[in-house]
Amino acid sequence: MIKINENYLKLKASYLFSEIATRVAAYQKAHPEKEIIKLGIGDVTRPLPSACIEAFHQAVDEMSDVETFRGYGPEKGYDFLRQKIAAVDFQAAGADVEADEVFVSDGSKCDCGNIQEIFATDVTVAIPDPVYPVYLDTNVMAGRTGAFADGRYRGIVYLDSSRANSFIPDLPTEPVDLIYLCFPNNPTGATITMDQLQGWVDYARENRALILYDAAYEAYIRAPGLPKSIYEVKGAREVAVEMRSFSKTAGFTGIRCGYTVVPKDCRGYDGSGKEHSIHDFWLRRHATKFNSVSYPVQRAAEAVYTVNGSRQVRDLTDYYLRNAALIREELTALGYECIGGDNSPYIWVDGRMDSWAFFDMLLEKAGVVCTPGAGFGRCGEGFIRISAFNHHERVQKALEKIKAALSG
Ligand SMILES: Cc1ncc(COP(=O)(O)O)c(C=O)c1O
């Protein structure tokens, strides 16, 4: 008899986006003449930078020639890409990361979902609330939690992000082993300061814990002084793994490329307290279960680091930040408190009412779709997330509709 992994039975049905889809479909059916503008999903709408497209085409052509054809790539990714990542994304910012510590992957979702499997099942996991759901669900699947009750899984230490702590979680009051942090944050758009991040790194060092730092949105940071990488903070190399993605920077959501940095100084411990290299564990896992990202995609990613590519990526992120600034400005003018949207493509809006009630009101009165904050965790109740990932004209139109609906 084939038995199933019963941990999957503990998972909440992926209620959030299916419930949004159901409500939007019902509205559309009832009002077929009404236009709907979606500012809910965090997917990009602009095409790939032309520098990436040119490199992509050229690499595809190379695959058609027997002299330049390439088969399986190196397991950690091609050197040409890893060297640029280490030099530009880290060393130029004063962060000590070597090319050999970079693992190229087909996106950050897989890395943040998979990396937990190199740690013991009985580690104590700290996860922010509200949260990008992948961190939580993959730990549920792995059996690190009890049942789901009152909006939370037993066994997880939740790191509340609320107005009380300006949406930056406080250090845990109990010992934890594995800590997920994401800045700029999805869904709140909050950013962390160097001092605050130093506090987390110091905590991890004191407790021999490990931080999984998701920096998928670092390219949206504009304020000087905010850390883009956790390795800008002293001591982080020993206690932090960082994940990044080309999805929201260069529009790679459809072609897939990201990377994870696992410094050689990071240590984990076996049952007898003996030290092991987390880098070596991740290398073993990566080499066993992953067979590298396609050559043309890695060449397209490399183009992000050319003069033209970096300018185009900056233009792309500026474009979405312009949307974010407008959303923030208009909602603030309507009297709503907003978090994020300045160094982040997400705006976390205090709706001063039940999240789903606010969602319904925006849909019914303005034909605009947002994401109810309660879907990201208990602390998200009362908030909605508005995404800046859309065409500027659509965002302007959505805001006109919201203004007309809410001020009328
Ligand atoms: C916080 C966060 N991490 C990771 C990802 C996944 O990125 P990728 O497209 O590289 O899988 C997302 C995507 O929405 C995200 O919001």
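Applying the criterion of being more than 11 Å from the ligand (Cβ to nearest atom), in contact with a helix residue (DSSP H, G or I) (Cβ under 8 Å, 6 or more places away or on another chain) and among the aliphatic types (A, V, I, L, M) to the residues of the stretch 132-149, the residue that is modelled with the lowest pLDDT is A147.
When I339, I327, I402 are checked against the criterion of being within 18 Å of the chain's Cα centre (by Cα) and crowded, with 21+ Cβ neighbours inside 10 Å, I339 stands alone in meeting it. Among residues of the stretch 42-66 that are over 27 Å from G341 (Cα atoms), those with a beta-carbon under 7 Å from a residue that is open to solvent by less than 50 Å² (accessible area, probe 1.4 Å) and within 16 Å of the ligand (Cβ to nearest atom) at least six positions away or on a different chain give the pairs A55/A300; F56/A300.
For every residue, the table says whether it meets (1) open to solvent by less than 20 Å² (accessible area, probe 1.4 Å); (2) without any contact (Cβ under 8 Å) to a residue 40 or more places away in the chain; (3) touching a His at 6+ places or on another chain (Cβ under 7 Å); (4) under 21 Å from A59 (Cα atoms).
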residue: I211; (1), (2), (3), (4): yes, yes, no, no
residue: A219; (1), (2), (3), (4): yes, no, no, no
residue: V239; (1), (2), (3), (4): yes, yes, no, no
residue: S247; (1), (2), (3), (4): yes, no, no, yes
residue: T288; (1), (2), (3), (4): no, yes, no, no
residue: Y305; (1), (2), (3), (4): no, no, no, yes
residue: G309; (1), (2), (3), (4): yes, no, no, yes
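Scanning the stretch 108-131 for residues that are within 13 Å of the chain's Cα centre (by Cα) and either buried (at least 21 other Cβ atoms within 10 Å of the Cβ) or away from the ligand (no atom under 15 Å from the Cβ) (or both) gives S108, D111, C112, P128, P130, V131. Check the stretch 232-243 and report whether any residue there is of a type outside the set (A, V, I, L, M, F, W, C) and within 16 Å of the ligand (Cβ to nearest atom). Checked the stretch 232-243: at least one residue is of a type outside the set (A, V, I, L, M, F, W, C) and within 16 Å of the ligand (Cβ to nearest atom). Of all positions in the stretch 84-102, none carries a residue that is closer than 23 Å to S247 by Cβ, more than 16 Å from the ligand (Cβ to nearest atom), among the basic types (K, R) and buried (at least 21 other Cβ atoms within 10 Å of the Cβ).
Consider K264 carefully, then state whether it is within 15 Å of the ligand (Cβ to nearest atom), open to solvent by 40 Å² or more (accessible area, probe 1.4 Å) and either in contact with a Lys or Arg (Cβ under 7 Å, 6 or more places away or on another chain) or among the basic types (K, R) (or both).
Details: within 15 Å of the ligand (Cβ to nearest atom): no; open to solvent by 40 Å² or more (accessible area, probe 1.4 Å): yes; either in contact with a Lys or Arg (Cβ under 7 Å, 6 or more places away or on another chain) or among the basic types (K, R) (or both): yes.
Considered against the rule, which asks whether it is within 15 Å of the ligand (Cβ to nearest atom), open to solvent by 40 Å² or more (accessible area, probe 1.4 Å) and either in contact with a Lys or Arg (Cβ under 7 Å, 6 or more places away or on another chain) or among the basic types (K, R) (or both), K264 comes out as no.
Screening the candidates E33, E67, E54, E19 for the property of being open to solvent by 90 Å² or more (accessible area, probe 1.4 Å), of a type outside the set (S, T, Y) and under 30 Å from E364 (Cα atoms) yields one hit, E33.
The values are calculated or read from the model by the stated rules, or taken from the named source; none is laboratory data. It should be emphasised that the depicted structure is a prediction, and the values quoted were computed from it without experimental measurement. Glycine also receives a Cβ, built like all others from the backbone with ideal geometry; neighbour counts cover every protein chain displayed. What goes into the accessible areas is simple: the full protein's heavy atoms, side chains included, and nothing from ligands, DNA or RNA. Shrake-Rupley method; radii C 1.70, N 1.55, O 1.52, S 1.80 Å.
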